[in-house]
């Protein structure tokens, strides 16, 4: 497996993880409940996504 293929697989998994977390964060904010867990998970997903994309760009 090449680096690009592995990177694309990881990006797809991160996006699949990011979507439900972002939806739950939106839903929790709409209801007015504290949502520290969802904020943290969305932030971690976003940081990992940026790091993987940056690594792919730098390694190719």
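Relative to the dominant Cα principal axis of the chain, helix 36-59 is inclined by about 20°.
Regarding the chain, what is the average projected area of its C-alpha convex hull, in nm²?
Numbers: hull surface 15.9 nm².
If I average the Cα hull's projected area over directions, I get 4.0 nm².
Relative contact order for the chain: what percent, with Cα pairs under 8 Å and sequence separation of 6 or more?
Details: 32 pairs, mean separation 29.8, N = 60.
That works out to 50 percent.
Principal-axis analysis of the Cα atoms of the chain puts helix 3-31 at an angle of about 10° to the longest axis.
Throughout, read-outs are computed from the coordinates displayed, never taken from laboratory work. Only a predicted model underlies this, so the values are computations on that prediction, with no experimental measurement involved.
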